[in-house]
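Novice: This is the structure, below, for whatever I ask next.
The values are calculated or read from the model by the stated rules, or taken from the named source; none is laboratory data. Bear in mind the structure is a predicted one, so any value in this text is a computation, not a measurement. Here Cβ is always computed from backbone atoms with ideal geometry, including for glycine, and neighbour counts include all displayed protein chains.
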Amino acid sequence: MFKPTGNGQIDHLNTIAMRLAKGANDGFGVLSTGEKCYVALASNRLDLLQSIDYTIAEAIARIGQDWVEYLLLSWQYAGNPANYAETDGAD
């Protein structure tokens, strides 16, 4: 489970990332490019980065240092969210 940050936007993106990690694609299309990069990285979905023609390095550069810090704060010790039980996650 990701660690909540207290930043409403980031915590919302982390919740989307949880769904995406389980294979959902709903909600991804309406995000900005930076938000897409963040949730693709957080959800460990390289296919989503490829769908917007970004590499991992480009995605990290796109989200910027502040969001990289949130990404690490939220997910550094969380493990692969695709492996979470169906009942896990932030609602």
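Novice: Gly34 fails exactly one of the following numbered conditions: (1) at pLDDT below 95; (2) in a helix (DSSP H, G or I). What is the number of that condition?
Specialist: (1)
Novice: Further, regarding this structure: Looking at Ala17, is it among the hydrophobic types (A, V, I, L, M, F, W, C), in contact (Cβ under 8 Å) with a residue 40 or more places away in the chain and touching a helix residue (DSSP H, G or I) at 6+ places or on another chain (Cβ under 8 Å)? Walk me through how you get there before you give the answer.
Specialist: Numbers: among the hydrophobic types (A, V, I, L, M, F, W, C): yes; in contact (Cβ under 8 Å) with a residue 40 or more places away in the chain: yes; touching a helix residue (DSSP H, G or I) at 6+ places or on another chain (Cβ under 8 Å): yes.
Yes.
Residue-wise test of (1) over 18 Å from Gly6 (Cβ atoms); (2) of a type outside the set (D, E, K, R); (3) not in a helix (DSSP H, G or I).
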residue	(1), (2), (3)
Ala24	yes, yes, yes
Val30	yes, yes, yes
Val39	yes, yes, no
Leu49	yes, yes, no
Glu58	yes, no, no
Ala61	yes, yes, no
Asp66	no, no, no
Leu71	no, yes, no
Ala78	no, yes, yes
